[in-house]
Amino acid sequence: MAGQSATSPANPIKRLLIHLLLLSILRLMQCRDLYKSPIHEPLIGLRIELVHRDSLHSPISPGNITSTETFKRALQRSQERLERLQLSIVPETDQLADKDVGSAVSAGTGEFLMQIAIGTPSLAYSAILDTGSDLTWTQCKPCSFCYKQPTPIFDPSKSSTYSAVPCSSSLCQALPIFDCKSAECEYLYTYGDYSSTQGILGYETFTLSSQQVPKIAFGCGTDNDGNGFAQGGGLVGFGRGPLSLISQIGSFVGNKFSYCLMSVTDSSSKTSPLLIGQGASLNSKTFSSTPLIQSSSQPTFYYLSLEGISYGGKLLDIPAGTFDLQSDGKGGLIIDSGTTVTYLAQAGYDSVKRAVESAINLPQADGSSIGLDLCYSGSSTSTSFPTMTFHFKGADYSLAQENYIYVDSSGIICLAMLPSSGISIFGNIQQQNYQILYDNGKNTLSFAPTVCDTL
């Protein structure tokens, strides 16, 4: 009996400890399920066809326009995009000094559209692919102000899978401007040309290719202002920030995507493949890779380390540090699918221009009607254009004639590059007929010459 009385008080204590331990384990399992991504299985490789906004496949195609008019329209948009990017990297102290400069968070418009669907039942629409921004958004009912788009506007009240993102969410906190007056996360996302989208951050099921991807955070925009957006039903952010679509699904697609852009001289009916996940790997056995640099002040953009440029095998005399990213966010070079030509810091552009002028024995022509600076008249087929090589850290990127020379329908031959200040951009003409792989897991950009039709 003495032994029993000594041990009996311990039994309920032991049982209580076991009970509390089991409750703790159960709560941990519940928490794990709560924060686990709704994508239960790895997505197989996704393939989405990119359509140039002025192609005959585009829902906002201007019609059967000439190749020169197509280029001029793209160049005008690129200049506007450059200005937005330049505004986005203005330090806050400079913005305060200049009351006319807004706090832009993204470049905004782009050159390529992708087909996507949202909600349950799904509503298909065309959206701008933008590697220069993070937030994926679409116009939503009820609109306080919406621009005209070629497809119906999304109504979240008619979707069984829509829900609002709570203000406590880290994705809400990742927005540059948000408000928590209610339980919902209200956002304002601004662009360098004073365009903006405003609305509620929500969760929704998106359909990419034929695969449904649940619980993607997106901007449900009820107040959207800006001429640059009137080319699709919204934007799909492919930047490096946590809000971008590729970041949200990254762990399930290997944190990588690639694309192969068709040449501007190809048929306007052709599309360019965007590959996500398994199929994103480079098709070529030989390829080059360079590190992706992330700016603390501009974490969205894909910066590259450009160490020099050669022309015809000769290294150009470009001042050291011309393309370096500065601590205040200025400078540097980004790779961007939404900019048509390459923009180089003035010192770098001047060196390239002098080298081309020395090598090309043709009479110069006025390219102002096209929008380019260095142009010639004559035959491009009877003239030898040396290879231009961009020396990125650890990798050389060679530009054949078609990747840096533009020939308009009248026979004018122009350098498809322009000078810039504040930031340099590696544009999409320079990327055409290359497969470009963005590997955000390894922080590398890889590339290989590719016939895009074969992918």
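The values are calculated or read from the model by the stated rules, or taken from the named source; none is laboratory data. What you are looking at is a predicted structure, and each value in this text was computed from that prediction instead of being measured. Cβ placement follows ideal geometry from the backbone for every residue including glycine, while neighbour counts extend to all protein chains displayed. For the accessible areas, the whole protein counts, side chains as well, though only heavy atoms, and no ligand, DNA or RNA atoms are used. Shrake-Rupley method; radii C 1.70, N 1.55, O 1.52, S 1.80 Å.
General remarks:
- Partners for Lys215 among aspartates and glutamates (Cα-Cα distance below 19 Å; same-chain residues under 8 apart left out): Asp33, Glu41, Asp134, Asp155, Glu184, Glu186, Glu204
- Computed over the stretch 129-195, the percent of Cα pairs more than 20 Å apart is 40.
- Computed from the alpha carbon positions, the gyration tensor of the stretch 342-439 leads to an equivalent ellipsoid with semi-axes of 23, 16, 13 Å, biggest first.
- Kirkwood radius for the stretch 229-325, taken over all pairs of different Cα atoms as the inverse mean of 1/r, rounds to 16.9 Å.
- Solvent-accessible area, 1.4 Å probe, carbon plus sulfur percent, for the stretch 295-439: 46 percent
- Trypsin sites (Lys or Arg not before Pro) restricted to the stretch 245-339 and DSSP loop, no more than 14 other C-beta within 10 Å: Lys285
- Panel values: the stretch 276-372, Kirkwood radius from alpha carbon pairs, Stokes-Einstein at 4 °C and 1.567 mPa s, translational diffusion coefficient 79 µm²/s.
- Cross-link pairs exceeding 21 Å in C-alpha to C-alpha distance, out of Lys256/Lys330; Lys270/Lys393; Lys330/Lys393, comprise Lys256/Lys330; Lys270/Lys393.
- The largest accessible area among Thr342, Thr387 belongs to the first residue in Thr387, Thr342, and the rest follow in falling order (1.4 Å probe, all chains).
- The heavy atoms of Asp317 present about 130 square angstrom of accessible area, all protein chains included, probe 1.4 Å.
- Prolate/oblate/rounded label for the stretch 167-227 (Cα gyration tensor, a/c 1.5): oblate
- Largest-first ellipsoid semi-axes for the stretch 391-440, taking √(5λ) over the Cα gyration tensor eigenvalues, angstrom: 23, 15, 10
- Shape of the stretch 48-90, Cα gyration tensor, a/c cut at 1.5: oblate
- At a probe radius of 1.4 angstrom, the accessible area of the stretch 345-405 per residue rounds to 45 square angstrom.
- Net charge of neighbours whose Cβ lies under 12 Å from the Cβ of Ile116, counting Lys and Arg as +1 and Asp and Glu as -1: -2
- Neighbourhood charge, 12 Å Cβ-Cβ cut-off, centred on Thr131 and excluding it, Lys, Arg +1 and Asp, Glu -1: -2
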